[in-house]
Amino acid sequence: MTSLWRAIYFIRTATDGLRSSPVTTAVAVGTIATTLVVMGVFGLALKQMSGIVDRVGQDLTVSAYLEPSVDDAAARALATRVATVEGVASVEVVTREEALRRFQGVAGDRTGLLDGLVENPLPASLEISLASGERHEEGIERLVEAIRGLPGIAEIEHGQEWVGTYERVLAGLRAVSMGLGAVFALAALLIVSNTIRLAIYARRDEVEILALVGASRGFIGTPFLLEGALQGAAGSLLALGVLYLGFRVVVAVSGSALAFLIGHAEPVFFDAPEAIAFVLAGAALGCVGSLSALGSAWRPA
Amino acid sequence: MSPDGEASRDALVRMYHVSKSYLPGAFALRDVNLSIEKGDLVFLTGPSGAGKTTLLRLLFAAEQPSEGSIIIGGRNIARLSESAVPSLRRRIGVVFQDFKLLPRRSVEENVGLTLAVRGEPPRQVRSRAFRMLKQVGLQHRRHHPPVTLSGGEQQRVAIARALVGEPELLLADEPTGNLDPELTLEIMDLIAAAAARGTTVVVATHDRSLVERYARRVLRLQAGELIEAGP
C-alpha cells in the first residue's frame with residue numbers, strides 16, 4: 001500500500017512539475033527530439049549499410065577450380081567433403097558445361113571468341129558459400145587453408161582482399177557513426193541535465209520544504225528522475241515520428257536514386273523492437289541527465 | 001529549566017562549546033553551552049545578527065557546527081551524515097517567519113506533507129491533517145491553496161504542519177515577525193499549547209513584549225555569544 005501510494009505520489013508530482021512549467025518542458029522535449037533525430041538519421045543510415053553488407057555476404061563465394069581429370073561423380077564427392085568443412089554453408093558443383101553456359105550468358109554477342117576452340121576450355125568448379133558468421137577476411141582465409149591441397153582441386157579463387165578492404169571501410173564508417181552518436185548522446189545528456197537543474201532551481205522552495213519535514217533524498221529526487229524519463233521518452237517519440245515522416249518523404253522523392261545508393265534494396269525503417277529500444281534509450285537518457293542534475297543541484301536545507 | 005552549561009538528566013537539547021564560523025575568525029556563534037529540558041518553552045532572543053537563526057539551523061542540522069557537540073535526545077548531531085538528517089528532522093517541527101508553504105498544494109496537503117514523507121497511508125495522512133487543522137481552527141479551509149489565506153492563517157497552517165507529526169522539539173524562527181499584535185498572540189498561544197502538551201519549544205524572537213508576556217526562560221544571544229541563559 002505504502003509503495004503503491006508512493007508510486008502514485010511520485011508520478012503525480014512529476015507530471016505536476018512538467019505541467020507547471022510548460023515552456024521549459026516543451027523546450028526540453030523539443031531539444032531532446034532534435035538531438036535524437038540527428039542520432040536517428042545516423043542509425044537509419046547504418047541500418048541501410050548493414051543491409052548492403054548482408055546482401056554482399058550472401059553473394060560472397062569461394063570458387064575452387066577442379067583439375068581436368070575430375071569427372072562429375074568425383075566432383076560431387078569432393079563437394080560433399082568440402083561441405084563438411086567448418087564455416088561452409090553450402091557447396092554447388094559447376095560442371096564444365098554449366099561453366100560454358102554461364103560464360104555464354106555473360107559474353108552475350110561476343111561468344112564468337114570460342115568459335116575456334118575444338119573443346120570446352122573451361123574447368124569444372126565448386127562454388128562454396130560461407131556461413132553468415134564466416135563472411136569476412138579471416139573466414140575466407142580459414143576455408144582456403146582447409147581445402148587447399150585436397151586431391152582434385154587445382155586453384156582457388158576468392159575475393160579476400162576486396163572483402164578485407166570493404167570490411168575496413170565499413171568498420172571505419174561504423175566507428176565514425178558511433179563516435180558522432182556518442183557526441184550527440186552527450187549533448188542530449190547535458191541538455192536534459194541542465195533542464196532538470198532549471199526545474200530544481202525553479203522549485204527549490206519545494207525541495208527545501210520537503211527536506212525540512214524529513215523527506216529523504218530519494219523521496220525528493222524520484223519525481224525529478226521521472227520528469228527526466230518522461231521528457232526523454234516524449235522527446236524520443238517525437239523524434240521517431242519526425243524520422244518516420246522524413247523517411248517516407250525521402251523514399252517518395254528520391255525513388256530509384258536511393259534504391260541505387262543502397263544496392264537496389266528496399267529502404268527499411270526501424271522495426272518494432274528497434275523503435276521501442278529508441279524510446280527506452282530516450283527515457284534512459286532523460287533519467288541519467290536528471291541524475292547528473294540532482295547530483296550537482298542537491299543541497300539539503 | 002537548567003542553568004547555562006549544566007547537563008540535566010531530563011534535557012532534550014544540550015550544546016557543549018558550540019561555535020560556528022563561516023570565515024576564519026568571524027564567529028556566528030562562539031562557545032555556546034546550554035541545556036533545554038523536555039517540555040520547556042524557551043525564548044531565544046537577541047538583536048539581528050546575534051546568531052539566533054544560526055543556532056536554530058544547527059539544531060535541525062541545516063548546518064554543522066565548526067566546533068562542539070549538540071546532543072538531541074541523547075544523540076550527537078554535530079557530525080550527522082546527510083543520510084541521517086531526514087530521520088532527525090522527523091522528530092523536529094520547524095516554523096518560519098515566511099511560513100514556507102507549498103503554493104500549489106492545498107492547506108490539507110501542506111499539513112499532511114510531514115506524514116506523507118514518512119510513508120503513512122493517504123487516508124491516515126488526511127485524517128491526522130484534518131484533526132490538526134481542527135486544533136488550529138482551519139479545518140474549513142483545508143481544500144484551499146495557502147495563498148488564499150491571511151498571514152495569520154498561513155502561519156497556523158505552518159504550525160499545524162510542524163506539529164502534526166508529534167515532534168519532540170518545535171523550533172520557531174520569528175514565527176510572529178510578519179503578523180500584527182493580535183495575530184501574534186493567537187500564534188503564540190498555539191505554540192505555548194504545544195509546550196503544555198509536552199513538546200519542547202524554542203522560539204527565536206526579538207519581540208521583547210512577547211518574552212515579557214509569557215515569562216518563560218530566555219536565552220539571550222549577542223554577537224554570537226550566549227550572555228544570558230536563565231529566567
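A few comments on the model shown:
- Residue count for segment A:131-158, restricted to those that are part of a helix (DSSP H, G or I), more than 15 Å from residue A:84 (Cβ to Cβ) and of a type in the set (A, V, I, L, M, F, W, C): 2.
- Residue satisfying condition, being assigned to a loop (DSSP other than H, G, I, E, B) and within 13 Å of chain A (Cβ to nearest Cβ), within set B:167, B:175: B:167
- Residue identified as at pLDDT 85 or above, closer than 13 Å to residue A:219 by Cβ and either surrounded by 14 or more Cβ atoms within 10 Å (Cβ to Cβ) or more than 11 Å from chain B (Cβ to nearest Cβ) (or both) among A:33, A:14: A:14
- Cβ-Cβ under 7 Å pairs, at least 6 apart or on other chains, segment A:188-211 side buried (at least 22 other Cβ atoms within 10 Å of the Cβ), far side assigned to a helix (DSSP H, G or I) and of a type in the set (Asp, Glu): A:196/A:227; A:199/A:227
- 1 or more residues within 11 Å of chain A (Cβ to nearest Cβ), in contact with a helix residue (DSSP H, G or I) (Cβ under 7 Å, 6 or more places away or on another chain) and within 29 Å of residue B:187 (Cβ to Cβ): qualifying strands (runs of 3 or more DSSP E) within segment B:19-94: none
- The one condition in (1) free of Cβ contacts under 8 Å to residues at least 60 places away in the same chain; (2) under 22 Å from residue B:115 (Cβ atoms) that residue B:200 fails to fulfil: (1)
- In segment B:93-112, the count of residues that are small (Gly, Ala, Ser) and within 21 Å of residue B:38 (Cβ to Cβ) is one or more.
- Matching residues, segment B:107-156, being of a type outside the set (Ser, Thr, Tyr), assigned to a helix (DSSP H, G or I), farther than 26 Å from residue B:180 by Cβ and within 14 Å of chain A (Cβ to nearest Cβ): B:109, B:112, B:113, B:115, B:116, B:122, B:123, B:124, B:125, B:126, B:128, B:129
- Pairs linking a residue in segment A:274-295 that is in the same structural domain as residue A:244 (by TED's automatic domain parsing) and in contact (Cβ under 8 Å) with a residue 24 or more places away in the chain to a residue that is aromatic (Phe, Trp, Tyr) and not in a helix (DSSP H, G or I), with Cβ atoms under 9 Å and 6 or more positions apart or on different chains, are A:275/A:269; A:278/A:270.
The values are calculated or read from the model by the stated rules, or taken from the named source; none is laboratory data. Remember, predicted model here, so these are calculated numbers, not experimental data. Neighbour counts run over all protein chains shown; Cβ positions are idealised from the backbone, glycine included.
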